[in-house]
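Engineer: I have a structure I would like to understand better, so I am pasting it below and will then ask my questions one at a time.
The values are calculated or read from the model by the stated rules, or taken from the named source; none is laboratory data. Everything quoted here is computed from the prediction, not taken from an experiment. Cβ atoms come from the backbone with ideal geometry, glycine included; neighbour counts cover every protein chain shown.
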Amino acid sequence: MRFFVFFIYFYNMKLKTLTLFFILFCHFHVVQAQLGFCTGTKGDPIFTENFGSGLDFGPALNPGITSYTFINGTPNDGQYTLHYRTNLYSSWHNSLDHTPDTDVNGYNGKSLIVNASIAPNYFFKKVVTNLCVNTTFEFSAWLMNVYNAASVGACSGTGIPINVTFEIWDETETTLLQSGNTNAIQGTNAPIWTQYGLVFTTASNQTSVVLKMRNNGAGGCGNDLAIDDIMFRSCGDLAQIKTAGVNSNFMNICQNQLPNDIQLQVEINNPNNHVYQWQKSNDAINWTAISGANSTSYWVTNFSTTTYYRVKIAQDISNLNNDFCSTVTPEFGIHIISIPNAPTSLGNKTYCINEINKSIAVSVNTNETTNWYGSPTGNDLVLANSNVLIPSSSGTYYAEAKNINSLCISNTRTPVTIQLVDVPQLGANQNVLICPNESLLLTVNVENATYLWSNAATTPFIFVNQAGAYTVTVTIANNCSSTKTFFVTQSVVPKIAQVITEFSTVTIICENQGPFEYSLDGIHFQNSNTFYNVSGGLKKAYVRTTNSCNIPDVKAFVLVQIPNFFSPNNDGINDFFEIENAQDFRNFHFYIFDRYGKLIQKLSTSNSRWDGKYLGLDLPAADYWYNANFEDTIQISGHFSILR
């Protein structure tokens, strides 16, 4: 006899943890254990045990299944019963079985309820038959520690924990195929069903195994458990069907875009250790084997209707036709999508080119939209996903229906024509000026057109003599029209209010605002109303408009330039006191006085210069005063100096 120590990893689904523990065997043949649940594709259950249903206790298990004693009531240590509720003691959880069955009386599904013996021992043994050779299976069962840790005055703490070892033996019970231990499962404040599982593989001639459950816990207050829903089912490698360019388990193909063929491929961890049978179905319910399709790939060449594909996979060819000994991949659907009908035209349209809403439209079915093209075929897309098109030019446009979900398009495109008719070219609205006391001609000229002015005139032109807005609408064939407005403004007539002079500077002030142009000779005009370095004399101020009306206003004024000083010392510079351009004045009198008011000199139009002498003698340097009269209307006075 040899002893073997195994390091076993157990996966707890509820706690999502891996547990490492040691098991010491003494046996003739030992297989290194693989613990946990099937991580691949699972087949239909080949064996299940749910312990029946009903509201009474029992019935007892068949002989040979357990060494415990059946009790038709509450079990003591080393006894068991079957019941639909677990609260056989007040300190036990009040729970239904794991998957409660129902009838007219309510829930009645049963579980195996075990009050463990004082000493560890096997309490369950079941021969499972009709398994498949060379096949990996998953065993699973649901356990619950029935002790309610929240109960008062019962066990100490959480009670004695339950501890169960699951073992899978060959039918001779000489070869251990798999085993696993739950470790201590403590009592809880609420009932918790926890699933445990093992994965094992049958030999080439093996169709039966023996399931054993061993109690490893001590008897006493606690270590009481319920078991339910024992199951065996085949476990295949994780497999799925794929095809190039598709990341889901289906693909849509439009009826008018059918390919020549599509290769479907089984993706599986160990492709060489399996046998395959491809199947197809029209409804994903009823499946038919595809003759000769027994490899990891299959070429689809018939696309007449929507078809689903799946692959049945087994580890031995003898199991391929046994649903309990094989697994199937998730289905892969090739959906043949009907194409939409071509859109229905809402009519060809004719518009004047200056209309705001110039559109053509089609109608399509629900869940469809429209793509517009410039030709019956080809990819010259004009506008996508709109049933309405607003073209920028005349022509025929082609509408193609597209299903919003499948993106399938119609076989043909619907032509829709739009004609954009030119309108009279009248130009932009105009601002025009009318001169006072004149008429203004407003005109447009379009051949073969009718006219309607805002003053009700129907001729190509009108005469106006008042400011205002005058609008004309011109209409040509197809009733297309354009409108133009003339904004007529009355020209301003300049009116000079005054002319301000300051020695040689002249400023012209008008009563109204321009724009105006200004002049002192009626020939040379400027935009500024101020003139500099102007010589003295009798002058005229001119103001006119800057527009074509050219209406001037004229005002005469006198610019008298009287020197502030002169120096009569015969040096040829500023030797005389002189009134500039005195000859311009028809009537001019200028009187000079000394500081005592004595008249010294009299100047006039004919005698406008003084040499600074009085009675032939030079007057001394001093200030002298004057009093002047120009044109009998202008009176000025002031003083000047003689410098020696």
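Engineer: From the list 469, 457, 449, which one is of a type in the set (Gly, Ala, Ser) and loosely packed, with under 14 Cβ neighbours inside 10 Å?
Structural biologist: Numbers: 457 fails: loosely packed, with under 14 Cβ neighbours inside 10 Å; 449 fails: loosely packed, with under 14 Cβ neighbours inside 10 Å.
Step by step, each of 469, 457, 449 is checked, and only 469 is of a type in the set (Gly, Ala, Ser) and loosely packed, with under 14 Cβ neighbours inside 10 Å.
Engineer: Further, regarding this structure: More than 21 Å from residue 640 (Cβ to Cβ) and outside the structural domain of residue 510 (by TED's automatic domain parsing): is that true of residue 581 in this structure?
Structural biologist: Numbers: more than 21 Å from residue 640 (Cβ to Cβ): no; outside the structural domain of residue 510 (by TED's automatic domain parsing): yes.
So residue 581 does not fit the description; no.
Engineer: Collect the residues in the range 213-234 that are assigned to a strand (DSSP E or B) and modelled with pLDDT under 90, keeping them in residue-number order. Spell out how you get there, then give the answer.
Structural biologist: Initially, the range 213-234 is screened for residues assigned to a strand (DSSP E or B), giving 213-215, 222, 224-234.
The answer is 222, and nothing else.
Engineer: Something else now. Return only the number of the condition from (1) within 24 Å of residue 338 (Cα to Cα); (2) of a type in the set (S, T, N, Q); (3) assigned to a loop (DSSP other than H, G, I, E, B) that residue 369 does not satisfy.
Structural biologist: Every condition holds for residue 369 apart from (3).
Engineer: Across the range 334-366, what is the number of residues that are of a type in the set (Gly, Ala, Ser), assigned to a strand (DSSP E or B) and surrounded by fewer than 18 Cβ atoms within 10 Å (Cβ to Cβ)? Can you show your working first?
Structural biologist: Pass one, the range 334-366, residues of a type in the set (Gly, Ala, Ser): 338, 342, 345, 347, 359, 361, 363.
If we keep only those that are assigned to a strand (DSSP E or B) as well, we get 345, 361, 363.
From what is left, the residues that are surrounded by fewer than 18 Cβ atoms within 10 Å (Cβ to Cβ) are 345, 363.
Of the residues in that region, 2 qualify.
Engineer: Does residue 644 satisfy being of a type in the set (D, E, K, R), more than 22 Å from residue 573 (Cβ to Cβ), modelled with pLDDT under 95 and loosely packed, with under 15 Cβ neighbours inside 10 Å? Give the derivation first.
Structural biologist: Numbers: of a type in the set (D, E, K, R): yes; more than 22 Å from residue 573 (Cβ to Cβ): no; modelled with pLDDT under 95: yes; loosely packed, with under 15 Cβ neighbours inside 10 Å: yes.
No.
Engineer: From the list 416, 432, exactly one residue is at pLDDT below 95 and either part of a strand (DSSP E or B) or farther than 30 Å from residue 485 by Cβ (or both). Which is it? First the steps, then the outcome.
Structural biologist: On the way: 416 fails: at pLDDT below 95.
Checking each option against the conditions leaves just 432.
Residue-by-condition table, conditions (1) at positive phi; (2) out of contact with any strand residue (DSSP E or B) (no Cβ under 6 Å at 6 or more places or on another chain):
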site	(1), (2)
271	no, yes
274	no, no
280	no, no
292	yes, yes
301	no, yes
313	no, no
320	no, no
326	no, no
338	no, yes
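Engineer: Which residue pairs have Cβ atoms closer than 6 Å, lie 6 or more positions apart in sequence or on different chains, and pair a first residue in the range 443-468 that is closer than 14 Å to residue 432 by Cα with a second residue that is assigned to a loop (DSSP other than H, G, I, E, B) and of a type in the set (Ser, Thr, Tyr)?
Structural biologist: 463/439; 465/439
Engineer: Being part of a loop (DSSP other than H, G, I, E, B) and acidic (Asp, Glu) is the filter; apply it to the range 257-304 and report the residue that is nearest to residue 315 (Cα to Cα).
Structural biologist: Filtering the range 257-304 down to residues part of a loop (DSSP other than H, G, I, E, B) leaves 258-261, 269-270, 274, 282-287, 290-296, 301-304.
Subset that is acidic (Asp, Glu): 261, 283.
Values: 261: 29, 283: 27 Å.
Ranking the candidates gives 283 first.
Engineer: Now a separate question. Among the residues of the range 363-394, write down those that are closer than 30 Å to residue 306 by Cα and among the β-branched types (Val, Ile, Thr).
Structural biologist: Passing the criteria: 364, 366, 369, 370, 377.
Engineer: Which of the numbered conditions does residue 321 fail, given that it passes all the others? Conditions: (1) modelled with pLDDT under 90; (2) in contact with a helix residue (DSSP H, G or I) (Cβ under 9 Å, 6 or more places away or on another chain).
Structural biologist: (2)
Engineer: What's the number of the only condition in (1) without any contact (Cβ under 8 Å) to a residue 24 or more places away in the chain; (2) over 14 Å from residue 210 (Cβ atoms) that residue 161 fails to meet?
Structural biologist: Of (1) without any contact (Cβ under 8 Å) to a residue 24 or more places away in the chain; (2) over 14 Å from residue 210 (Cβ atoms), only one is false for residue 161: (1).
Engineer: Quick check: is even one residue across the range 356-367 among the hydrophobic types (A, V, I, L, M, F, W, C), over 28 Å from the mean Cα position of the chain (by Cα) and farther than 28 Å from residue 135 by Cα? Please lay out each step first, then the result.
Structural biologist: Step one: list which residues in the range 356-367 are among the hydrophobic types (A, V, I, L, M, F, W, C), which gives 356, 360-362, 364.
Now drop any that are not over 28 Å from the mean Cα position of the chain (by Cα), which leaves 356, 360.
Next, only the ones that are farther than 28 Å from residue 135 by Cα stay: 356, 360.
Within the range 356-367, one or more residues are among the hydrophobic types (A, V, I, L, M, F, W, C), over 28 Å from the mean Cα position of the chain (by Cα) and farther than 28 Å from residue 135 by Cα.
Engineer: While we're here: Would you say residue 480 is of a type outside the set (Lys, Arg), farther than 30 Å from residue 636 by Cβ and not assigned by TED's automatic domain parsing to the domain that holds residue 350?
Structural biologist: Details: of a type outside the set (Lys, Arg): yes; farther than 30 Å from residue 636 by Cβ: yes; not assigned by TED's automatic domain parsing to the domain that holds residue 350: yes.
Against the criterion (of a type outside the set (Lys, Arg), farther than 30 Å from residue 636 by Cβ and not assigned by TED's automatic domain parsing to the domain that holds residue 350), residue 480 qualifies.
Engineer: Quick one: in the range 265-315, of everything that is more than 30 Å from residue 339 (Cβ to Cβ) and hydroxyl-bearing (Ser, Thr, Tyr), which residue is surrounded by the fewest Cβ atoms within 10 Å (Cβ to Cβ)?
Structural biologist: Filtering the range 265-315 down to residues more than 30 Å from residue 339 (Cβ to Cβ) leaves 266-277, 289, 291-292, 294-296, 311-315.
So of that shortlist, the ones also hydroxyl-bearing (Ser, Thr, Tyr) come out as 276, 291, 295-296.
Working: 276: 22, 291: 8, 295: 13, 296: 17.
Ranking the candidates gives 291 first.
Engineer: Next question. Conditions: (1) more than 57 Å from the chain's Cα centre (by Cα); (2) touching a residue at least 24 places away in the same chain (Cβ under 8 Å); (3) assigned to a loop (DSSP other than H, G, I, E, B). Residue 153 meets all but one. Number of the miss?
Structural biologist: The number of the failed condition is (2).
Engineer: Now, a different point. With the range 71-150 as the region, which strands (runs of 3 or more DSSP E) entirely inside it contain at least 1 residues that are closer than 30 Å to residue 320 by Cβ and in contact (Cβ under 8 Å) with a residue 60 or more places away in the chain? Don't jump to the end; show me each part of the working.
Structural biologist: Working: elements: 79-83, 111-115, 121-128, 136-145.
It comes to 121-128, 136-145.
Engineer: From the set of residues in the range 480-494 that are of a type outside the set (Gly, Ala, Ser) and part of a strand (DSSP E or B), which is surrounded by the fewest Cβ atoms within 10 Å (Cβ to Cβ)?
Structural biologist: Kept after step one, since they are of a type outside the set (Gly, Ala, Ser), are these residues of the range 480-494: 480, 483-490, 492-494.
With the extra rule that they be part of a strand (DSSP E or B), the set shrinks to 483-490.
Values: 483: 16, 484: 18, 485: 15, 486: 21, 487: 14, 488: 19, 489: 12, 490: 14.
So the residue we want is 489.
Engineer: Same structure again: Filter the range 372-394 down to the residues that are farther than 30 Å from residue 476 by Cβ and part of a loop (DSSP other than H, G, I, E, B) and list them by number.
Structural biologist: 375, 376, 377, 378, 379, 380, 384, 385, 386, 387
Engineer: Filter the range 499-510 down to residues that are in contact (Cβ under 8 Å) with a residue 12 or more places away in the chain and not in a loop (DSSP other than H, G, I, E, B) and give me whichever is nearest to residue 533 (Cα to Cα). If you could, list the steps in order and put the result at the bottom.
Structural biologist: Keep residues of the range 499-510 that are in contact (Cβ under 8 Å) with a residue 12 or more places away in the chain, which gives 499, 501, 503-510.
Among the residues that remain, those that are also not in a loop (DSSP other than H, G, I, E, B) are: 499, 501, 505-510.
Numbers: 499: 15, 501: 11, 505: 6, 506: 9, 507: 12, 508: 15, 509: 18, 510: 21 Å.
Residue satisfying both the conditions and the ranking: 505.
Engineer: Residue check, residue 397 against (1) surrounded by 14 or more Cβ atoms within 10 Å (Cβ to Cβ); (2) under 28 Å from the mean Cα position of the chain (by Cα), all met but one. Which one?
Structural biologist: All conditions pass for residue 397, except number (2).
Engineer: Between a residue in the range 626-637 that is in the same structural domain as residue 602 (by TED's automatic domain parsing) and within 15 Å of residue 601 (Cβ to Cβ) and any residue that is β-branched (Val, Ile, Thr) and exposed (fewer than 14 other Cβ atoms within 10 Å of the Cβ), which pairs come within a Cβ distance under 7 Å, given they are 6 or more apart or on different chains?
Structural biologist: 628/636
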